[in-house]
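Heads up: the structure comes next, in structure tokens.
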Amino acid sequence: MKREDNDGNGEMKGSKPDRGRVEVAVEECKGCGLCVEACPVGVMRLGEGFNSHGYHPAEYTGTGCTGCGVCFFACPEPGAITVLRLTMNR
Amino acid sequence: MARELIKGNEAIVKAALLAGCRSFYGYPITPASEIAEAAARYFPLAGGTFLQAESEIASINMVYGAAATGERTMTASSGPGMSLMQEGISYLAGAELPCVIADITRGGPGLGNIAPEQGDYHQIVKGGGHGNYRTIVYAPNSGQEMCDLTMLAFEVADRYRNPVVLMTDGAIGQMMEPVDFPALAVEAPVKSWAVRGNAETRGNLISSFHMLPEELERHERHLEEKYAAACRELVRWESWQTEDAGIVVIGYGIVSRILRTAIGRVREMGIRAGLLRPITLWPFPEEEIKRLAERVNGFLVVEMSNGQMVDDVRLAVGGRPPVEFYGRVGGTIPTTGELVDRIVRMSEVSHVRQSI
Amino acid sequence: MYVKAYERPQSLYREFERKAEDRRSTHYCPGCGHGNLHKYIAEAIDELGVQDRTIFISPVGCSVYGYQYFDVGNIQVAHGRAPAVATAMKRALPESLVVSYQGDGDLAAIGGNEIMHAANRGENLTVFFINNAIYGMTGGQMAPTTLLGQKTATTPFGRVLQSEGYPLRVGELLASLEGPSYIERVALYDTASRMKARRAVHKALKNQIEGRGFSLVEVLSPCPTGWGLSPNEACDWVREQLLPVYPLGVLRDQSEHREGWVRRRAIVTPAEIPHVLGLRETAETVTVPNRERISGANLHPRIKIAGFGGQGVLFLGKILAEAGMHEGWHVSWFPSYGPEMRGGTANCHVSLSDQPIGSPIVSDPTLLIALNRPSLERFEAEVVSGGTIIYDCSLIDVAPARPDIDAIALPATTLATDAGNARVANVVALGACLAKMGMLNREAVTHMLDDLSREKGKQEVNGRAFEAGYRFVLDSPG
């Protein structure tokens with residue numbers, strides 16, 4: 001799953017950028033893992049670190065997101081996950 | 001002014017609408033059913049809502065909802081139905097929602113009967129629900145007071161953001177007397193705290209829930225301040241011939257009407273008796289009773305119960321002079337002659353007789 | 001450029017300021033379905049553009065804190081009573097969007113009656129019913145929806161059919177009523193089920209906005225903590241255990257046929273209220289009773305009127321009281337009531353006086369009108385010495401025994417029959433009573449009778465009956 005050519009912004013060097021991106025609000029995540037299970041392209045995972053509540057917050061692996069929003073709807077917290085989409089309008 | 005010969009129960013409904021009340025939620029029960037029946041007839045015509053609820057529990061919670069929208073609202077019931085409403089009344093008091101509840105009392109405990117008893121005093125005046133709260137209680141004793149105190153109850157409920165109970169017995173509810181209704185209806189006030197489903201009230205919350213002990217304590221202290229203000233501002237009573245009285249007889253509701261006739265008769269016999277009628281049962285006219293206790297020789301409390309209000313009289317009197325009690329239960333109404341005899345007998349007891 | 005495509009809905013607060021601590025995340029356990037449903041509801045409120053109009057009702061249960069999250073009008077209510085509260089709020093504010101959010105203990109156990117009747121009335125409301133087969137807030141006790149064999153804090157050996165009965169299928173139960181418009185059961189265990197849930201939530205809210213009546217969405221929702229499972233295991237449990245007992249799908253949908261299901265009130269101004277109540281302005285100057293005309297009459301008559309039900313006993317009393325009031329007397333009317341009421345007899349007490357009336361209860365009448373024998377026998381002894389008894393001697397074959405009273409044997413039923421109808425014996429008695437009392441104006445009373453019966457024929461019968469009774473007393477010796 002790890003992609004070495006990831007620049008951390010979902011925009012891969014020298015190839016087509018990802019259609020979407022996921023932002024996780026670390027302090028709002030309870031580490032339930034539902035987003036990890038739900039993600040159809042498998043780009044979510046639980047992080048190794050802890051947040052201040054003692055949960056392992058979910059994180060975006062950094063590449064491959066399609067912006068489908070499934071993780072957002074699987075997540076029970078109102079603001080823990082935000083899904084972004086690439087637009088062509090500049 | 002518009003005069004009408006009308007049942008006490010129906011007078012409540014007309015007065016409520018004149019006071020700007022726009023919804024009635026209730027469940028039938030004798031001897032309060034005429035209130036729901038009259039409400040069913042008049043509330044829709046007056047641009048309001050009447051709904052026969054599935055239970056008294058639903059009724060009082062509908063009142064909770066209506067009150068939360070800021071409209072003036074009411075329900076009515078009798079003993080057993082009032083018992084079912086107690087949880088809801090506690091919520092209303094906790095959430096500081098104003099409403100008016102008419103309790104037309106009947107016989108108990110259990111199914112008891114439908115006759116006029118005054119056994120609801122404890123559950124209404126002392127707060128039959130859970131928690132540290134108070135309901136303001138008016139005790140009308142005539143058709144005219146059914147109108148006047150109903151209208152006042154709505155105003156007081158809004159002013160204190162608290163449930164107000166009109167408690168009277170089936171006799172006052174069932175009888176007809178001439179009532180002068182005001183010719184103009186009141187426009188109900190707009191309440192900024194209400195939840196009205198609009199942008200202005202979107203941030204509002206109606207709740208009796210305070211999870212943190214410190215927060216709940218703060219809330220309860222606030223309620224206490226309100227209740228203390230009610231004690232200063234709302235106490236009402238009627239005194240009749242107490243100025244020179246050696247015996248002061250205390251009764252409310254239908255009992256006070258019979259006592260008035262009885263006292264008139266004993267006065268003709270040369271016995272100096274007077275009548276003190278609490279109009280508010282909470283706050284209770286304890287200061288007036290204390291004042292009288294300093295100079296009268298004895299009190300006689302008459303209730304159609306086994307002695308409930310008498311506890312409050314004894315607390316106010318504080319030991320001296322003696323407080324005697326006469327009660328009828330089961331829905332029997334004491335006759336004038338019976339009360340005359342009781343007062344005469346008390347006047348013959350030596351310690352009371354001294355200065356009569 | 002990346003733009004936000006899915007983010008926290010507007011209708012949920014950005015920060016939970018009503019929350020005591022940690023104002024960023026909810027109080028729900030990891031993996032709990034409540035949060036998902038909150039998001040879907042808020043998302044639909046946003047899409048429908050009704051945030052300002054929405055009122056969210058927080059129940060008692062895990063979602064008791066709903067008001068901490070929804071940036072709408074909020075109210076917290078007693079356990080199970082949300083449908084009753086919602087009913088009244090919606091009736092008062094037909095333009096608002098009232099949302100009742102309830103768990104399985106709240107809705108299906110303690111609030112079973114309220115939800116059934118709100119549904120049956122077809123209240124234009126939206127109810128979200130979280131079914132997770134357990135009591136979460138109180139610590140994992142049995143719910144009405146708990147599965148057979150399921151272990152909970154109060155079914156430590158599993159729910160037993162013979163003791164706790166079957167799991168309650170609320171959706172099906174309510175769908176059997178005619179009242180509800182739309183009922184669907186959805187679940188939260190995978191992406192497809194979550195998307196269906198979102199659509200059902202949207203529809204249930206839209207229905208209310210469009211006035212289509214009562215909508216309820218039952219949501220099978222994971223409770224990892226209550227079930228002792230991990231969040232993902234809990235999702236599997238919903239699919240494997242709950243679904244067979246609670247099948248998903250639309251259980252009832254009348255939405256298309258339910259337009260205009262809005263209960264609006266008539267618009268009535270305060271100025272119109274007295275008219276609506278039938279109140280007629282009366283002169284401020286109260287008529288003073290004409291005492292000269294009635295010199296010699298008893299100025300404080302206490303009258304008891306008694307007979308069997310259907311003889312018009314209460315009516316007779318009302319006419320007397322009403323006439324007295326119009327002539328400026330203090331009056332009271334008290335019906336047979338409570339222990340007085342037995343064996344089909346009826347009686348009422350009427351007092352008139354130039355002084356305020358003390359007791360409205362007449363225990364020692366100055367005038368007794370007895371229209372049947374039991375009434376005479378029962379009340380004769382009560383009459384004061386020197387008082388009067390008028391009794392219908394066409395029906396009562398005994399005479400009063402007391403020598404110290406004035407007994408008037410009035411053949412009321414016979415005179416009524418002569419007047420045209422045996423049923424107006426009470427009007428004959430009224431005439432007799434008026435003649436005996438001498439303090440009320442007879443024309444005023446006959447006008448009142450005319451007002452009460454609009455039919456010309458009846459008016460004439462009443463008039464003749466009244467005159468017969470009146471003349472009978474005047475013509476009697478003594």
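What follows is calculated from the coordinates using simple rules that are stated; it is not laboratory data. Just so it is clear, the model here is predicted, and its values are computed rather than measured. Here the Cβ positions follow ideal geometry from the backbone for every residue, glycine too, while neighbour counts run over all protein chains shown.
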(message) Can you tell me the orientation of helix C:191-209 relative to chain C, as the angle in degrees between its alpha-carbon axis and the longest Cα principal axis, to the nearest 10?
(response) 30
(request) Work out the FRET efficiency for B:V190 and B:E238 from their Cβ-Cβ distance, taking R0 = 25 Å, and round it to the nearest 0.05. (result) 0.15
(request) Tell me which residues come under 5 Å, amide H to amide H, from B:R196 once H is placed; ignore anything under 5 positions away on its chain. (result) B:T201
(message) Can you list residues from other chains, or at least 5 along the same chain, whose modelled amide H is less than 5 Å from the amide H of B:D169?
(response) B:T105, B:I254
(request) Return the sequence-ordered ³J(HN,Hα) values of segment B:49-55 in whole Hz as given by the Karplus equation 6.51 cos²θ - 1.76 cosθ + 1.60 applied to θ = phi - 60°, using x for Gly and Pro. (result) 10, 10, 9, 7, 7, 7, 5
(message) Testing the spin-label approximation: label points 7 Å from Cα along Cα→Cβ at B:E200 and C:N441. State their distance in nm.
(response) 5.1
(request) Extending each Cα 7 Å along its Cβ direction at C:R265 and C:D475, get the distance between those two points in nm, one decimal. (result) 5.9
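Would you mind putting A:35-46, C:128-139 in packing order, based on average other-beta-carbon counts within 10 Å, highest first?
C:128-139, A:35-46
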(request) First select every other residue whose beta carbon is under 15 angstrom from the beta carbon of C:N113; then total the charges, Lys and Arg +1, Asp and Glu -1. (result) -4
(message) What does the structure give for C:33-43 when I average, per residue, the other chain Cβ atoms found within 10 Å of the residue Cβ?
(response) 3
(message) Compute the helix-to-body angle for C:82-92: its Cα long axis versus the longest principal axis of chain C, expressed 0 to 90° and rounded to tens.
(response) 70
(message) I'd like to verify something in chain B: which complete DSSP H helices, judged by Cα projection on the helix axis, reach 20 Å or more and average at least -1.0 on the Kyte-Doolittle scale?
(response) B:79-94, B:143-160, B:254-268
(request) Could you work out the equivalent-ellipsoid semi-axes for segment C:302-475, taking the square root of 5 times each eigenvalue of the Cα gyration tensor, largest first, in whole Å? (result) 22, 19, 15
(request) Please turn the phi angles of segment C:300-306 into ³J(HN,Hα) values with the Karplus equation 6.51 cos²θ - 1.76 cosθ + 1.60 (θ = phi - 60°), one per residue in order, whole Hz, x for glycine and proline. (result) 10, x, 10, 10, 10, 10, 9
(request) Place the peptides C:452-459, C:169-176, B:63-70, C:153-160 in order of packing, highest mean first, counting for every residue the other Cβ atoms within 10 Å and averaging per peptide. (result) B:63-70, C:169-176, C:153-160, C:452-459
(request) Order these peptides, B:195-202, B:146-153, by their mean beta-carbon neighbour count within 10 angstrom, highest first. (result) B:146-153, B:195-202
(request) Determine the distance separating the Cα centre of segment C:38-60 from the Cα centre of segment C:245-279; give it in Å without decimals. (result) 21
(message) Need one value for C:53-65: mean number of C-beta atoms belonging to other chains within 10 Å of its residues' C-beta atoms.
(response) 3
(request) Starting from 0 in steps of 20 Å, tell me what percent of the Cα-Cα pairs of the protein assembly as shown lands in each bin. (result) 13, 36, 28, 16, 6, 1, 0
(message) Longer than 25 Å from Cα to Cα, which of B:K126/B:K290; B:K226/C:K90; B:K14/B:K126 are they? Say none if no pair is.
(response) B:K226/C:K90; B:K14/B:K126
(message) Among DSSP bridges having both ends in the protein assembly as shown, what percentage is antiparallel? Round to the nearest 5.
(response) 40
(request) Report the far tail of the P(r) of segment B:10-167, meaning the percent of Cα-Cα pairs longer than 28 Å. (result) 8
(request) Taking the dipole about the Cα centre of the protein assembly as shown, with the C-beta of Lys and Arg at +1 and of Asp and Glu at -1, give me whichever of C:V362, C:G226, C:F472 is farthest to the positive side. (result) C:G226
(message) Sequence gap at least 6, Cα distance under 8 Å: using those rules, report the relative contact order of chain B to the nearest whole percent.
(response) 18
(request) Using amide H atoms built 1.01 Å from N in the peptide plane, name the residues 5+ places from C:G213, or on other chains, whose amide H lies under 5 Å from its own. (result) C:W261
(message) Pick from B:G298, B:G48, B:G337 the residue whose mean-square fluctuation is largest in a GNM of chain B, springs joining Cα atoms under 10 Å.
(response) B:G337
(request) Under 27 Å Cα to Cα from A:K30, which lysines show up? Leave out anything in the same chain fewer than 8 places away. (result) A:K2, C:K4, C:K19, C:K39, C:K151, C:K196
(request) Among A:T66, B:G264, C:N462, flag the residue with its Cα farthest along the positive direction of the charge dipole of the protein assembly as shown, charges on Cβ as +1 for Lys/Arg and -1 for Asp/Glu. (result) A:T66
(message) Can you say what percent of the DSSP beta bridges in segment C:327-467, counting only those with both residues inside, are antiparallel? Round to 5.
(response) 40
(message) If you take each beta carbon of peptide C:262-270 and count the beta carbons of other chains within 10 angstrom, what is the mean?
(response) 4
(message) How high is the relative contact order of chain C? Use alpha-carbon pairs under 8 Å, at least six apart in sequence, and give a whole percent.
(response) 9
(request) Please order C:I209, C:I390, C:I405 by the number of other Cβ within 10 Å, starting at the fewest. (result) C:I209, C:I405, C:I390
(request) Mind pulling the per residue volume of the convex hull built on the Cα atoms of segment C:35-138? Å³ is fine. (result) 89
(message) Only bridges whose two residues both fall in segment C:129-282 count here: according to DSSP, what percent of them are antiparallel, nearest 5?
(response) 40
(message) Spelling out what I want: for every residue of segment C:247-254, take phi, set θ = phi - 60°, compute 6.51 cos²θ - 1.76 cosθ + 1.60 (Karplus), and round to whole Hz; glycine and proline get x.
(response) x, 7, x, 6, 9, 6, 8, 10
